[in-house]
Amino acid sequence: MPAEGPTVQIEFVSRVAEIDGCLWRDCFPAPLEGRFWYQALEDSGLGDQFMFCYALIRKNSQPVGIAPCFLHDVPITLVAPRPVAWVLRQLARVIPRVGYQRTLFVGSPCADEGTVGLVPGLKLSDIVVELSEAVGQRARALKAPMIVFKDFPQVDLPVLKTLRGFFPSVSYPGTITTLPAPGKDAYYRSLAHTQRHNLLKKFRRSRVTLPLVASAVQHPSDAELAEVFGLFQQTYERGITKFERLDRRFFERIRGEPTAHFILLRDSADSALAAFMLVFCLGGRVVNKFIGLDYRRGEKAYLYFRLFDAAVDFAYACHATELASGQTGYRAKFDLGHRLVPLFNVARHANPLIHAIFRAVGTRITWQTLDEDLAVYLRAHPEVNVPSATP
């Protein structure tokens, strides 16, 4: 008898619309960022930064999963710890490819976490070997020597570590805070005494310095969107870690999504926009996606804290039980009671020498080396369980 063919087949498509909407729904249920998110990125003119594609996974010829992917030329110093980044810059003078890598990622440029979406009942371990082989073939066709499964949650790490030739590394953790019932007072009572005291003191000072009016809108007007994008640019330029670069087209596209809401803080004196937060309502979770602050208002306005306070009101109104705030900017998030969500990268380079260099670098990355705010926090809280990518 002839040998049976593989039960798992992988096909790559270049557009979200080439995959049935029902499969997107089944593979990316809330609170995952699903079809709406990838369609918005695809429609936002990011072709000069990323080339998107999607691995359509079939088992016994039936569609059972989706693995979003993107191609990006990555400055390695962007993701390496500072001391290591210096070493890589020196090495790049001799081996230019060390400092700048054409990389095929499995995941999203700026989703809360990397996800291979699968229909209920199917596990990552059921398809991961075939997926990694197909991604490897796709990477070779695209002349991308490096493959990265980007920002995957800790629950997926044991399976990803079984992939031959890949090495794991710690990534920037996500952040999330629980919203206990019945309302906002319960949330603030859940904070440590010092956290709550300091936060309420910031609110009192801020309200004296800058009275604000909060609102939440869907489908903002062109005039409102111009204000939003102006503040987004202010905040983006002050950021240290930058992966994606969004322009106004993204905000024009995302405002049409039913799950997207804009929380606005306006000066009560002249109605000028002082801060905004773009959030997604995804089942029981509200995701704090992007913010913008008017830094001309001064530090005593405590705009980030006022914005988060408005987001908590909004989340409770949506009956959410969690508010997620993504990666980086940890200092203020700790003050607001967020906990860290471990995320990991798993990578492979086609060149054995460069792979060995990256493996030596990647396996030494820790939360402390990634971010100074994390290092300070962990020194003050030795009880925190710090994850490791290696045994």
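The values are calculated or read from the model by the stated rules, or taken from the named source; none is laboratory data. The model shown is predicted, which means the values in this text are computed figures rather than measured ones. Cβ placement follows ideal geometry from the backbone for every residue including glycine, while neighbour counts extend to all protein chains displayed.
Scan region 108-143 for residues that are farther than 17 Å from HIS349 by Cβ and not hydroxyl-bearing (Ser, Thr, Tyr) and the total you get is 22.
Can you find a residue that is of a type in the set (A, V, I, L, M) and in contact with a Cys (Cβ under 8 Å, 6 or more places away or on another chain) anywhere in region 317-325? Looking through region 317-325, at least one residue is of a type in the set (A, V, I, L, M) and in contact with a Cys (Cβ under 8 Å, 6 or more places away or on another chain). Number of residues in region 88-120 that are modelled with pLDDT of 95 or more and more than 16 Å from PHE70 (Cα to Cα): the value is 3.
Given the structure, is LEU264 at pLDDT below 95, buried (at least 16 other Cβ atoms within 10 Å of the Cβ) and in contact with a helix residue (DSSP H, G or I) (Cβ under 8 Å, 6 or more places away or on another chain)? Criteria not met by LEU264.
Only strands (runs of 3 or more DSSP E) whose full extent lies in region 271-374 are considered here, and the ones with at least 3 residues that are under 30 Å from PHE166 (Cα atoms), touching a helix residue (DSSP H, G or I) at 6+ places or on another chain (Cβ under 7 Å) and in contact (Cβ under 8 Å) with a residue 60 or more places away in the chain are 343-349. Examine region 267-279 for a residue that is surrounded by fewer than 19 Cβ atoms within 10 Å (Cβ to Cβ) and of a type in the set (D, E, K, R), and state whether such a residue exists. Yes. Selection of region 221-257 for residues being under 20 Å from the mean Cα position of the chain (by Cα) and farther than 30 Å from PRO75 by Cα yields ARG255, GLU257. The condition of being farther than 26 Å from PRO31 by Cα, of a type in the set (A, V, I, L, M, F, W, C) and surrounded by 14 or more Cβ atoms within 10 Å (Cβ to Cβ) holds for only one of LEU118, LEU131, LEU199, LEU124, that being LEU199. Only a single item in (1) in contact with an Asp or Glu (Cβ under 8 Å, 6 or more places away or on another chain); (2) in a strand (DSSP E or B); (3) surrounded by fewer than 20 Cβ atoms within 10 Å (Cβ to Cβ) is not met by THR177, and it is number (3). For ALA186, the conditions (1) out of contact with any Gly (no Cβ under 7 Å at 6 or more places or on another chain); (2) outside any helix (DSSP H, G or I) are fulfilled apart from (2).
Applying the set (1) in contact with a strand residue (DSSP E or B) (Cβ under 7 Å, 6 or more places away or on another chain); (2) closer than 27 Å to ASN198 by Cα; (3) crowded, with 18+ Cβ neighbours inside 10 Å to HIS349 leaves exactly one unmet item: (2). No other residue among PHE70, PHE50 is over 18 Å from VAL155 (Cα atoms) and modelled with pLDDT of 95 or more apart from PHE70.
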